[in-house]
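The values are calculated or read from the model by the stated rules, or taken from the named source; none is laboratory data. Predicted model, so just to flag it, every value in this text is computed and none were measured. Neighbour counts are summed over all protein chains in view; Cβ atoms, including those assigned to glycine, are modelled from backbone coordinates with ideal geometry. With ligands, DNA and RNA removed, areas are computed over all heavy atoms of the protein, side chains included. Shrake-Rupley method; radii C 1.70, N 1.55, O 1.52, S 1.80 Å.
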Amino acid sequence: MASGGTKELERPMSFKSPVWEHFGFPVKYDDERKRLVDKTVTVCRHCGTRKPYDTGNTSSIAAHLNRHHPGVSLIGVKTKASQQPLIAVAFKQPLVAQSDQANAITKAISVFIGADMRPYSIVQNEGFKHMLKALEPRYNIPSRTHFREKIVPDLYEQEKRKIVDELSRAPSVALTTDGWMSRVTESYVMITAHFITAEWEMRSPVLQTCPLYESHTSTHLAQVLTQAVEEWKMKRPSTNIPVTTDNAKNQINAVNEAGLGPQIGCFAHVVNLASQKGISVNRMDRLLGRIRKVVSYFHRSTTAANVLKTKQEMLKLPTHKLIHDVPTRWNSTYDMLERYLEQQAAIYSALTNKTLKKIVKDIITLSDDDVRVAEEVLQVLKPLKTVTSLLSTESSPSVSMIMPLKTRILQSMAPSVEDSIITRDVKIAFREDLQPRYTSPPTLQDYLCRSTALDPWFKSLSHMDPSLRQRTYSDLTIEIVSSLGTEDCDEGQAAEPTGANLDSSSPPQKKSAMAELFGETIASKDNKTPADIIKEEVASYLLAASGFTVDGDPPTWWKSNECKYRHIAKMARCYLAVPGSSVPSKRVFSTAGNIVTATRSTLSPDNVDILVFLKKDLKL
């Protein structure tokens, strides 16, 4: 630093004159922290005197040194042979805050925070700063406030515009919604959108995780839904937005008050309710109570858990831990029962061990009859477990699956003469709860039947009686005709090439004698109405072999067959995008739980919304 107040001077690297050991060019920084070197002026390093500089002329600089600094010798002074130390110094200069490299690193950190659901405080952690210093020592990390208020919200807005653009191009959009309360007693409602792109790709972006500060009335929930539809520009003229929710009354009324619909009850939730009714019959409930007591004992006693593990190894059983069920999730009851039967030999051996036998109290193992009943009930509930697992996938559960799955489950729950009393009671309780589901209002049942007809898995509608099957395809034909319109149908008819119009530039052919005599009559028969065109297409779709495997994907099938049934395909793109379960929303709540925890309770609800959105929708 010069005594004259100049903060930074640059020595010309390529200039060999010894005067540059005592003079340098002044350096300044603009508002964007860009480094500027003024090479029209030189500054004395001893006194700060400024001298005009002409390229290559150092005589005035040398005269200044001789006159004002006679003690400075310019004889025998050599420039440094190696400039390596100066290069090293240059690399230690901090990156300019708005440089391309600094911006790229900052954006990468924001993507890391959003995609991995990290708290903003991570940018202040010593380990994180150490890692960045090793990767790029010249980079200065912005503060957590800067990331929370500027960087991550900007990334959110950028990704949000992409989702809004995708939604605007989708012919039809469906929604799922559900409620949740965090560990810090903040209530949220989740809304996810579902649609099929022009390339037949299923998309399920999260739209918002909205905090609810008021009572969860249907009116308030309806306002949340309406605002989401407007904010994300999902409204289509003369088109409803199907909404899949659980079976809570306030959710059902909210969809109706918002003018959306149809409202579709989550089939996974329906199966859960019916299963709880089935496994709550008296004898089954007592049996599960004894199993819970055994499982709880091995969960709370480390000694018992260690003995159980020893017995598992001795009996060559899987060293699985016992599962305790959750009352609101019937699947966990199934898992608990299945695991207990798997480990019953090890459990019995452990409970009769001398180490535990002295301290075990009120633990009753299952009798042979109890084990037989448990095995029977497990077989009864197995189809329900399969159905629930199927509906828990995010890409494929469509409303088209609801009616076939309901029929198949009811068939599996039909009592038989071989059933024990408890098995028969479980089946009857389950059937009584499931039978009336999705029958009211009648328009909902018709909607579900039409969606099933558009699924190549179930297009034969073999689970329906013939009259309902015929009515379903008739209603579907009418809906396609009314939605596509006469003009579109005429275009579809004209778009199909025939041998006579493959080359439109060829001159018209001369009519034959047959055409002269009967042409008008034949032509009148070929003038099909839009309804006739759609009927033929629907009939062709119904009768054609699908070539569809059980493991196939309906959107993939439609992508391959869209050109054959293009009018039906447009309708299928709308129906098959509607989820048959609100599981997508429920799954996001497990993601939200990662950030709304005790260590991250300083996050505002808006920050939760942003981070959940980026976690689910950010494409890396």
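Take the residues in region 451-475 that are of a type outside the set (Ser, Thr, Tyr), more than 31 Å from the chain's Cα centre (by Cα) and in a helix (DSSP H, G or I); name whichever of them is surrounded by the most Cβ atoms within 10 Å (Cβ to Cβ).
469
For the list (1) surrounded by fewer than 16 Cβ atoms within 10 Å (Cβ to Cβ); (2) closer than 26 Å to residue 280 by Cβ, I need the number of the one condition that residue 294 fails.
Tallying (1) surrounded by fewer than 16 Cβ atoms within 10 Å (Cβ to Cβ); (2) closer than 26 Å to residue 280 by Cβ, residue 294 fails exactly one: (1).
Would you mind finding the one in 173, 96, 152, 164 that is aliphatic (A, V, I, L, M), more than 17 Å from the chain's Cα centre (by Cα) and modelled with pLDDT of 90 or more? It would help to see each step written out before you state the result.
Working: 173 fails: more than 17 Å from the chain's Cα centre (by Cα); 96 fails: modelled with pLDDT of 90 or more; 164 fails: more than 17 Å from the chain's Cα centre (by Cα).
One residue alone meets the criteria, 152.
Residues that are closer than 28 Å to residue 571 by Cβ and under 24 Å from the mean Cα position of the chain (by Cα): does region 271-280 have at least one?
First, pick out the residues of region 271-280 that are closer than 28 Å to residue 571 by Cβ: 271.
Add one more test, that the residue is under 24 Å from the mean Cα position of the chain (by Cα), and what stays is 271.
Scanning region 271-280 turns up at least one residue that is closer than 28 Å to residue 571 by Cβ and under 24 Å from the mean Cα position of the chain (by Cα).
Failed condition for residue 247, given (1) free of Cβ contacts under 8 Å to residues at least 60 places away in the same chain; (2) touching a strand residue (DSSP E or B) at 6+ places or on another chain (Cβ under 6 Å); (3) outside any loop (DSSP other than H, G, I, E, B), with all others met?
All conditions pass for residue 247, except number (3).
From 161, 118, which residue is closer than 25 Å to residue 204 by Cβ, open to solvent by 30 Å² or more (accessible area, probe 1.4 Å), free of Cβ contacts under 8 Å to residues at least 12 places away in the same chain and not in a helix (DSSP H, G or I)? Quick ask: steps written out before the conclusion?
Numbers: 161 fails: not in a helix (DSSP H, G or I).
Unique residue meeting the criteria: 118.
Name the pairs whose Cβ atoms lie under 7 Å apart, with the first residue in region 92-114 and among the small types (Gly, Ala, Ser), the second outside any loop (DSSP other than H, G, I, E, B) and open to solvent by 70 Å² or more (accessible area, probe 1.4 Å), and 6 or more positions between them or separate chains?
Partner pairs satisfying both residue conditions: 114/615.
What number of residues in region 57-80 are open to solvent by less than 100 Å² (accessible area, probe 1.4 Å), in contact with a Lys or Arg (Cβ under 9 Å, 6 or more places away or on another chain) and at pLDDT below 80?
1
Taking only region 242-258 into account, find how many residues are under 23 Å from residue 206 (Cβ atoms) and surrounded by fewer than 22 Cβ atoms within 10 Å (Cβ to Cβ).
Here is the first cut: in region 242-258, the residues under 23 Å from residue 206 (Cβ atoms) are 242-248, 250-252, 254-255, 258.
If we keep only those that are surrounded by fewer than 22 Cβ atoms within 10 Å (Cβ to Cβ) as well, we get 246-248, 250, 252.
Residues flagged as under 23 Å from residue 206 (Cβ atoms) and surrounded by fewer than 22 Cβ atoms within 10 Å (Cβ to Cβ) within region 242-258 amount to 5.
Which count do you get for residues in region 311-352 that are touching a residue at least 40 places away in the same chain (Cβ under 8 Å) and more than 40 Å from the chain's Cα centre (by Cα)?
Matching residues across region 311-352 total 4.
Select from region 164-202 the residues that are among the hydroxyl-bearing types (Ser, Thr, Tyr) and surrounded by fewer than 22 Cβ atoms within 10 Å (Cβ to Cβ) and list them in ascending order. Can you show your working first?
Filtering region 164-202 down to residues among the hydroxyl-bearing types (Ser, Thr, Tyr) leaves 168, 172, 176-177, 182, 185, 187-188, 192, 197.
Once the filter is applied, which keeps residues that are among the hydroxyl-bearing types (Ser, Thr, Tyr) and surrounded by fewer than 22 Cβ atoms within 10 Å (Cβ to Cβ), region 164-202 yields 168, 172, 182, 185, 187, 197.
Within region 121-134, can you find the residues that are open to solvent by 70 Å² or more (accessible area, probe 1.4 Å) and either part of a loop (DSSP other than H, G, I, E, B) or more than 18 Å from residue 95 (Cβ to Cβ) (or both)? I'd like the intermediate steps shown before the answer.
Kept after step one, since they are open to solvent by 70 Å² or more (accessible area, probe 1.4 Å), are these residues of region 121-134: 124-126, 129-131, 133-134.
Matches in region 121-134: 124, 125, 126.
Which one of these does residue 430 not meet: (1) of a type outside the set (Lys, Arg); (2) buried (at least 22 other Cβ atoms within 10 Å of the Cβ); (3) farther than 21 Å from residue 269 by Cα?
With respect to (1) of a type outside the set (Lys, Arg); (2) buried (at least 22 other Cβ atoms within 10 Å of the Cβ); (3) farther than 21 Å from residue 269 by Cα, residue 430 is out only on (3).
Among helices (runs of 4 or more DSSP H) lying entirely in region 510-584, which contain 2 or more residues that are out of contact with any Ser or Thr (no Cβ under 6 Å at 6 or more places or on another chain) and modelled with pLDDT of 75 or more?
Output list reads 530-543, 554-561, 566-575.
Considering only residues that are touching a residue at least 40 places away in the same chain (Cβ under 8 Å) and outside any loop (DSSP other than H, G, I, E, B), which ones fall in region 180-200?
The initial filter retains those residues of region 180-200 that are touching a residue at least 40 places away in the same chain (Cβ under 8 Å), namely 180, 182-184, 186, 188, 190-196, 199-200.
Of everything in region 180-200, those that are touching a residue at least 40 places away in the same chain (Cβ under 8 Å) and outside any loop (DSSP other than H, G, I, E, B) turn out to be 180, 188, 190, 191, 192, 193, 194, 195, 196.
List the helices (runs of 4 or more DSSP H) inside region 308-418, counting only whole elements, that have at least 3 residues being surrounded by 17 or more Cβ atoms within 10 Å (Cβ to Cβ). Full working, then the answer.
Numbers: elements: 330-342, 344-351, 354-357, 368-391, 402-412.
Filter on region 308-418 gives 330-342, 344-351, 368-391, 402-412.
Can you tell me which residue in region 8-34 is most open to solvent (accessible area, probe 1.4 Å), limited to those that are acidic (Asp, Glu) and out of contact with any Leu (no Cβ under 7 Å at 6 or more places or on another chain)?
At the first step, the residues of region 8-34 found to be acidic (Asp, Glu) are 8, 10, 21, 30-32.
From the residues that got through so far, the ones that are out of contact with any Leu (no Cβ under 7 Å at 6 or more places or on another chain) too are 8, 10, 21, 31-32.
Values: 8: 52, 10: 50, 21: 65, 31: 161, 32: 125 Å².
Checked region 8-34; the qualifying residue most open to solvent (accessible area, probe 1.4 Å) is 31.
Which pairs have Cβ atoms under 8 Å, sit 6 or more apart or on different chains, and link a residue in region 135-152 that is open to solvent by 80 Å² or more (accessible area, probe 1.4 Å) to one that is not in a helix (DSSP H, G or I)?
That search, which allows pairs on different chains as well, returns 137/92; 140/94; 140/95; 140/97.
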